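Some notes on the structure that comes next.
Bear in mind these aren't lab numbers, they're just calculated from the coordinates by the rules spelled out. Only a predicted model underlies this, so the values are computations on that prediction, with no experimental measurement involved. Cβ placement follows ideal geometry from the backbone for every residue including glycine, while neighbour counts extend to all protein chains displayed.
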Amino acid sequence: MGLLLVSSSRIGERFPQRSEHLYRELKVLGHDVILIEAYDPIKGILGVLRHREVRCKIVSGFRAGFIALLLKPLIGEYFYDLVEWKADLCRDNWSGAKRVLIPLVELAEIMVIKKSRVTFNAGHTLLNPMLKKQRNVVIAENGYNDRLFDPKKYDRAALRGRLGVNFPLVIFVGKLTPMYAKYLIPAIDAMTFLNKEFKNAELWIYGDGPCKKELQKRARKGGGNVLFKGYIPHEKVPEIITIADLGINAYRTESLKLREWVAMGLPVLAPPEVEFPGVRNSKWVKEEIASSIVEILKEGRKAPVKLNTWRETAEIIASECKRLNR
């Protein structure tokens, strides 16, 4: 089946996004997929117009969805892949005068959903409450790459020995942007308390972004064992998950990395709003975070959580497109 996949994010980024995973799996499933990157809106518009004859148009993310909404009179029906609620991300990342635009962003996404033939919802908690009764919503949860994040492929003892890890290890992997920094700061502060119980425990932060210097300053001030490890190639992330004892989900919703972590049996600590198998919730203040980490370290690693894969997510989307385009 011929598909047009329009991605709001760049393909080949350091942290692969949902659209990149879907593109890979749709190709594996044998579909003829035309990929358009809409990170540059002009290129996105031109690409969509060039391939407007493709019957099944999947627009992934807000930027791609807004392009499809604007071009609907010219391109016809589209399927919207709701990756995350854009207005919430803007609230967490924007400052100053830009914040006056947030209600317009929210209204635009509501219109994108209402005008879509079907909206694929990436998670049960991602759909705005005002759209809960929307009839054209199909759950197509985020997945994980079970070929890369397969715990049977990695030897924990050997990897810890090779990397010199003989201490309790807490990790974070992701972009160091305001939305994550807000939740990373209490976790960094918690290391001061944790190191009173586990003197050699360390927090390794993988990633880069505009908040890195602020976070480094906070870590120096707190005096806990916090190391900033920089960028890590995606294919190396499973090794870090294997050697770690705990992952920090530094946001109030589930993330792609959270799924990868619990699928490999890594315990995850998250704010109270995150409801997900394999996740321990904590009040997000430094003392409570430290106390929860201590409990998790004493309990040890968990059995891997069985989750749907990206292949299964792609199958849901493809089958719905096929059903409605007969």
If you line up the long axis of helix 102-115 against the longest principal axis of the chain, both from Cα atoms, how many degrees apart are they, to the nearest 10? 50
Based only on other Cβ atoms within 10 Å, what is the fewest-to-most ordering of 58, 45? 45, 58
Please compare each pair in 57/212; 115/212; 57/133; 72/175; 199/229; 229/286 to a cut-off of 28 Å on the Cα-Cα distance and tell me which ones are over it. 57/212; 115/212; 72/175
Can you match Rg/Rh (Cα atoms, Kirkwood Rh) to one of these, [x] 0.99; [y] 1.03; [z] 0.97, based on a calculation from the structure here? [x]
The helix 212-222 Cα axis meets the longest alpha-carbon principal axis of the chain at an angle in degrees, between 0 and 90 and rounded to 10, of 20
When the charge dipole of the range 151-299 is computed with +1 at the Cβ of Lys and Arg and -1 at the Cβ of Asp and Glu, the Cα pointing farthest to the positive end, of 255, 297, 211, is that of 211
For the chain, take the longest principal axis of its alpha carbons; what is the angle in degrees between that and the long axis of helix 178-197, to the nearest 10 within 0 to 90? 20
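Quote the charge dipole size of the chain about the Cα centre in Debye, to the nearest 20; the model charges only the Cβ of Lys and Arg (+1) and of Asp and Glu (-1). Let's see the in-between values first.
Working: 54 positive and 37 negative charges, 89 e Å.
Using Cβ point charges on Lys, Arg, Asp and Glu, the chain gives about 420 debye.
Sort 10-20, 59-69 by packing, meaning the average of other beta carbons within 10 Å per residue, with the highest value first.
Details: 10-20: 16.6, 59-69: 24.8.
Going from most to least packed, we get 59-69, 10-20.
Pop the C-beta distance of residue 229 and residue 100 into the FRET formula with R0 = 41 Å and round what comes out to the nearest 0.05.
Details: r = 37 Å, r/R0 = 0.91.
Rounded to the nearest 0.05, the efficiency is 0.65.
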Could you tell me the center-to-center distance, by alpha carbons, between the range 185-209 and the range 8-37 in angstrom? 35
Segments 259-269, 220-230 sorted - mean Cβ within 10 Å per residue, highest first: 259-269, 220-230
Packing-based order for 146-154, 25-33, using average beta carbon neighbours within 10 Å, highest first: 25-33, 146-154
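Going down the list 86/283; 283/306; 98/213; 213/306, which pairs span over 30 Å between their C-alpha atoms? Walk me through the numbers before you get to the answer.
Details: 86/283 25 Å; 283/306 26 Å; 98/213 23 Å; 213/306 37 Å.
The pairs that break the limit, which is 30 Å between Cα atoms, are 213/306.
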